[in-house]
Amino acid sequence: MNNGEQRRLNGEAEEDEDEDDANNGGLAAWERAYADERSWESLQEDESGLLQPIDNQSLKHAQYRRRLRAASTARIQKGLIRYLYVVIDLSKAAAEMDFRPSRMGVVAKHVEAFIREFFYQNPLSQVGLVTIKDGVAHCLTDLGGSPNSHVQALMGKLECSGDSSLQNALDLVHGYLEQIPSYGHREVLILYSALSTCDPGDIMETIQKCKQSKIRCSVIGLSAEIFICKHLCQETGGLYYIALDEPHLRELILEHAPPPPAIAEFAIANLIKMGFPQRAAEGSVAICSCHKEAKVGGGYTCPRCKARVCDLPTECRICGLTLISSPHLARSYHHLFPIVPFDEVSPSLLIDQQNKFPRACFGCQQSLLNPGNKPSLRVACPKCKQHFCLDCDIYIHESLHNCPGCESARHSKIPNANKG
């Protein structure tokens with residue numbers, strides 16, 4: 001074969017590869033394999049034995065309602081002021097690629113989403129980050145209320161090496177959380193990739209210290225179940241789960257965002273002194289007590305000692321006063337008085353009395369009828385009896401925290417009362 005024919009064949013091969021890439025949406029080989037992996041799980045068998053795609057929206061809504069019912073079975077006092085350390089295992093086990101592209105990359109992505117969701121649901125709480133690498137625990141960020149600072153610090157330290165030491169991580173966070181006031185809820189969330197722990201001493205003694213200090217430790221494993229992690233969670237009252245895949249890992253991490261039930265010793269009501277600082281003028285120059293450096297504009301001034309802090313909520317480094325803003329306090333209100341779960345409307349009832357029910361969702365005003373005027377799944381508020389679609393149901397309970405039907409009925413009564 002001469003050089004001209006070889007170049008021609010190579011050119012045709014390159015054109016064929018380009019066509020294959022175009023047909024696959026420009027995905028790399030490992031991306032295509034991951035996209036097509038376990039594709040049979042998206043099918044289910046109907047009554048006639050035929051395969052059909054799974055209705056993911058209905059499954060998601062059913063899972064959400066099970067979680068909602070479990071959370072509202074009883075009125076439980078919850079801890080609104082939380083001090084949480086997220087411990088991330090960055091040992092060599094985190095470089096495994098059973099999660100694509102690696103365990104470390106998947107954990108970092110979902111920890112970022114968790115931090116932002118945590119501060120949205122817990123505006124009065126604080127978070128700190130700890131990493132385990134080379135058998136040593138490192139404090140990546142101190143307890144604070146700024147999600148951006150935590151995310152930036154985490155993304156700049158994503159390197160895996162050495163073994164993991166669970167005892168060193170527990171000793172480190174125990175030293176920090178032991179100083180937290182009695183009204184604060186002390187928690188640790190460990191994202192563990194390794195199958196072993198290389199400890200310098202007796203980890204059982206460390207677990208008992210955490211138990212005595214009322215530190216609630218939870219573990220999410222990315223490999224197999226480990227006895228010492230299970231024992232830690234049982235002793236401290238935490239949760240222990242193993243992530244099956246990436247969506248399951250995200251679900252397990254986000255389950256720790258809402259406030260947990262309060263420990264009996266912390267359930268006693270007591271008054272907490274807090275300060276509401278004013279935002280400093282844009283042109284003012286002051287030394288920040290957080291970073292020990294001069295900053296121009298921005299920040300907040302402590303009402304007691306007049307020290308400058310960067311973010312809220314936080315604790316004043318000079319006088320120790322807890323500093324928050326009024327919106328933070330208002331956003332914690334919905335955990336004290338949550339909306340009751342909506343009732344699912346029976347499909348048989350919809351078919352029998354179709355004309356008596358509203359045809360559109362009260363929230364988004366979208367039609368509640370499928371093609372052919374067949375009624376779709378819907379829920380109804382037990383108080384105002386208004387009907388909502390599944391998306392509005394989730395939005396009302398997870399983000400809005402107010403029923404539009406009840407609010408509109410309440411506001412409509414006010415003008416009538418004024419007229420009377």
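Does the range 93-110 include one or more residues that are touching a residue at least 60 places away in the same chain (Cβ under 8 Å) and either part of a strand (DSSP E or B) or under 30 Å from residue 274 (Cβ atoms) (or both)? Among the residues of the range 93-110, not one is touching a residue at least 60 places away in the same chain (Cβ under 8 Å) and either part of a strand (DSSP E or B) or under 30 Å from residue 274 (Cβ atoms) (or both), which makes the answer no. Taken over the range 173-186, the criterion of being open to solvent by 10 Å² or more (accessible area, probe 1.4 Å) and either outside any helix (DSSP H, G or I) or within 12 Å of residue 89 (Cβ to Cβ) (or both) is satisfied by 178, 179, 180, 181, 182, 183, 185, 186. Need the failing condition index for residue 247 against (1) of a type outside the set (Gly, Ala, Ser); (2) touching a residue at least 12 places away in the same chain (Cβ under 8 Å); (3) under 22 Å from residue 99 (Cβ atoms), just the number. Exception for residue 247: condition (2).
Scanning the range 295-327 for residues that are at negative phi and modelled with pLDDT under 80 turns up 295, 296.
Residue 227 falls short on exactly one of the conditions (1) closer than 29 Å to residue 101 by Cα; (2) surrounded by 15 or more Cβ atoms within 10 Å (Cβ to Cβ), and that condition is (2). Residue-level check: of (1) touching a strand residue (DSSP E or B) at 6+ places or on another chain (Cβ under 6 Å); (2) open to solvent by less than 30 Å² (accessible area, probe 1.4 Å), residue 315 misses just (2). In the range 261-279, the qualifying residues are those that are assigned to a loop (DSSP other than H, G, I, E, B) and modelled with pLDDT of 80 or more, and the one that is most open to solvent (accessible area, probe 1.4 Å) is 273. The residues on offer are 191, 177, 170, and the sole one that is out of contact with any helix residue (DSSP H, G or I) (no Cβ under 6 Å at 6 or more places or on another chain) and touching a residue at least 12 places away in the same chain (Cβ under 8 Å) is 177.
Scan the range 286-306 for residues that are loosely packed, with under 12 Cβ neighbours inside 10 Å and of a type in the set (Gly, Ala, Ser) and the total you get is 1.
Taking residue 113, is it surrounded by 18 or more Cβ atoms within 10 Å (Cβ to Cβ), farther than 25 Å from residue 200 by Cβ and in contact with a helix residue (DSSP H, G or I) (Cβ under 8 Å, 6 or more places away or on another chain)? Here the answer is no, as residue 113 does not meet what is asked.
Going residue by residue through the range 242-252, is there one that turns out to be assigned to a helix (DSSP H, G or I), surrounded by 19 or more Cβ atoms within 10 Å (Cβ to Cβ) and at pLDDT 95 or above? Quick ask: steps written out before the conclusion?
Residues of the range 242-252 that are assigned to a helix (DSSP H, G or I), as a first pass: 246-252.
Of the ones still in play, those that are also surrounded by 19 or more Cβ atoms within 10 Å (Cβ to Cβ) are 249, 252.
Narrowing the set further to residues that are at pLDDT 95 or above leaves none.
Checked the range 242-252: no residue is assigned to a helix (DSSP H, G or I), surrounded by 19 or more Cβ atoms within 10 Å (Cβ to Cβ) and at pLDDT 95 or above.
Suppose the filter is at pLDDT 80 or above and surrounded by 12 or more Cβ atoms within 10 Å (Cβ to Cβ); does residue 369 pass it? Yes.
Which of the residues spanning the range 372-383 are closer than 19 Å to residue 343 by Cβ, open to solvent by 30 Å² or more (accessible area, probe 1.4 Å) and touching a helix residue (DSSP H, G or I) at 6+ places or on another chain (Cβ under 9 Å)?
Hits for the range 372-383 are 375, 377, 383.
So in the range 319-341, with the set limited to residues that are in contact with a Ser or Thr (Cβ under 7 Å, 6 or more places away or on another chain) and surrounded by 14 or more Cβ atoms within 10 Å (Cβ to Cβ), which one is nearest to residue 83 (Cα to Cα)? Show your work before the answer.
First, the residues of the range 319-341 that are in contact with a Ser or Thr (Cβ under 7 Å, 6 or more places away or on another chain): 323, 338, 340-341.
Filter once more, so that each one left must be surrounded by 14 or more Cβ atoms within 10 Å (Cβ to Cβ): 323, 338, 341.
Details: 323: 15, 338: 22, 341: 29 Å.
Residue satisfying both the conditions and the ranking: 323.
Within the range 133-157, restricting attention to residues that are in a loop (DSSP other than H, G, I, E, B), at pLDDT below 90 and not polar (S, T, N, Q), which residue is nearest to residue 230 (Cα to Cα)?
The initial filter retains those residues of the range 133-157 that are in a loop (DSSP other than H, G, I, E, B), namely 134-135, 145-146, 156-157.
Of the ones still in play, those that are also at pLDDT below 90 are 145-146, 156-157.
With the extra rule that they be not polar (S, T, N, Q), the set shrinks to 145, 156-157.
Details: 145: 30, 156: 31, 157: 28 Å.
Ranking the qualifying residues of the range 133-157, first place goes to 157.
Take the conditions (1) out of contact with any Asp or Glu (no Cβ under 8 Å at 6 or more places or on another chain); (2) over 28 Å from residue 125 (Cβ atoms); residue 203 misses just one of them, which is (2).
The values are calculated or read from the model by the stated rules, or taken from the named source; none is laboratory data. Since the structure is predicted, the reported quantities are computational estimates derived from the model, not experimental observations. Ideal geometry is used to build each Cβ from the backbone, glycine not excepted, and the neighbour counts take in all protein chains shown. All accessible areas refer to the heavy atoms of the entire protein, side chains included, with ligands and DNA or RNA removed. Shrake-Rupley method; radii C 1.70, N 1.55, O 1.52, S 1.80 Å.
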